[in-house]
Amino acid sequence: MAPTPVGNHRTRVHVISDVHGNARDLARAGEGADALVCLGDLVLFLDYADHSRGIFPDLFGVENADRLVALRTARRFEEARVLGAELWAGLQEDRATVIEEAVRKQYAEMFAAFPSPTYATYGNVDMPPLWREYAGPGTTVLDGERAEIGGRVFGFVGGGLRTPMRTPYEISDEEYAAKIEAVGEVDVLCTHIPPEVPELVYDTVARRFERGSRALLDAIRRTRPRYSLFGHVHQPLVKRMRIGATECVNVGHFAATGTPWALEW
């Protein structure tokens, strides 16, 4: 845990989200900071900017990745599911086994790149059961929990809400709200997904509204944290805005920028 500020010492925390396989920049993300905070989505299943990168094109080729992205972007989710089912049916191995093997390979690289100390929570494409296996002694995994960093209380809520995309760590609105409630009043509220505000959940490249949390928005208005930090929406219409006394900041998309967002006090 980072030390509480003493005298003239200032605490600096670097915050990232949506790493999606960018281990090279992740290894440098904590440079100059007392701690790194990661808000999930370490796994790269399919890069919407470069369809040749990720687990899906490695298994099925770029042409099929192009087709899948086109269908999802057009919100033709049922056709996308049919395409995926056909491709997975053609594999000799069990789908779950293939995905877990690929994710394990990425996690081994990602967690090895985390500096110490790192405080991390899950994204919607992550596989939580594997995290504690790969997290080293310098990495603290939190979900619906709090940690003190430099004298300020940080709350962490991971995962996403259920969508037609059916990513690995999507939970019900009720379960998500319970985790928000468990965190309570904090100085910095760290989540993977944003509060349910149109400007914060609209992705200008994917041309769709991603799912944000109404429970998170209500908690921000009620508990008034200094900051609400999140990722998930890679190209948001608005990256930063105030909700009452709270500064809301989208700290992704780390995979594209390789640059953490810095919080200092």
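The values are calculated or read from the model by the stated rules, or taken from the named source; none is laboratory data. Computed from a predicted structure; not experimentally measured. With ideal geometry, Cβ positions are generated from the backbone for all residues, glycine too; neighbour counts draw on all protein chains shown. Ligands, DNA and RNA are stripped out before the accessible areas are found, and what is left, the full protein with its side chains, is counted by its heavy atoms. Shrake-Rupley method; radii C 1.70, N 1.55, O 1.52, S 1.80 Å.
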Listed residues 184, 21, 159; largest mean-square fluctuation, Gaussian network over the chain with Cα springs below 10 Å, found at 184
Let me check I've understood the local charge: for residue 19, count other residues with C-beta under 11 angstrom from its C-beta, Lys and Arg +1, Asp and Glu -1. What total comes out? -4
Using alpha carbons only, how many angstrom separate the centre of the range 10-83 from the centre of the range 128-164? 18 Å
So what's the net charge close to residue 244: Lys and Arg +1, Asp and Glu -1, counting the other residues with Cβ under 12 Å from its Cβ? +3
Excluding exposed DSSP-loop GluC sites (Glu not before Pro) (at most 16 other C-beta within 10 Å), longest clean stretch of the chain: 94-184
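Using a cut-off of 13 Å between beta-carbons, work out the net charge of the residues near residue 116 (Lys and Arg +1, Asp and Glu -1, residue 116 not included). Mind showing how you got there, number by number?
Numbers: positive: none; negative: 31, 34.
Result for the neighbourhood of residue 116: -2.
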Under the rule rounded for a/c under 1.5, else prolate if a/b exceeds b/c, else oblate, using alpha carbon gyration tensor axes a ≥ b ≥ c, the range 14-73 is classed as prolate
Stokes-Einstein D in µm²/s, Kirkwood radius over Cα pairs - the range 131-265 at 37 °C with 0.692 mPa s viscosity: 214 µm²/s
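What shape does the range 67-180 have by the C-alpha gyration tensor, where a ≥ b ≥ c are the square roots of the eigenvalues, rounded means a/c under 1.5, and otherwise prolate means a/b greater than b/c and oblate the rest? Let's see the in-between values first.
Details: a/c = 2.78, a/b = 1.59, b/c = 1.74.
Here the range 67-180 falls in the oblate category.
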Modelled FRET efficiency - R0 35 Å, residue 116 with residue 92, Cβ distances, 0.05 increments: 0.30
Taking Cα pairs closer than 8 Å and at least 6 residues apart, the relative contact order of the range 108-265 in percent is 17 percent
Between residue 173 and residue 9, take the C-beta separation as r, use R0 = 35 Å, and let me know the FRET efficiency to the nearest 0.05. 0.25
Given the C-alpha centroids of the range 172-203 and the range 218-252, what is the distance between them in whole angstrom? 9 Å
Sorting 179, 105, 239 on solvent-accessible surface, 1.4 Å probe, most exposed first, gives 105, 239, 179
Only Cα pairs under 8 Å and at least 6 apart count here; give the relative contact order of the range 23-64 as a rounded whole percent. 20 percent
Accessible area of residue 116, 1.4 Å probe, to the nearest 10 Å²? 100 Å²
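Considering Cα pairs under 8 angstrom that are at least six residues apart, work out the relative contact order of the chain and quote it in whole percent.
Values: 567 pairs, mean separation 59.3, N = 265.
Relative contact order, the chain: 22 percent.
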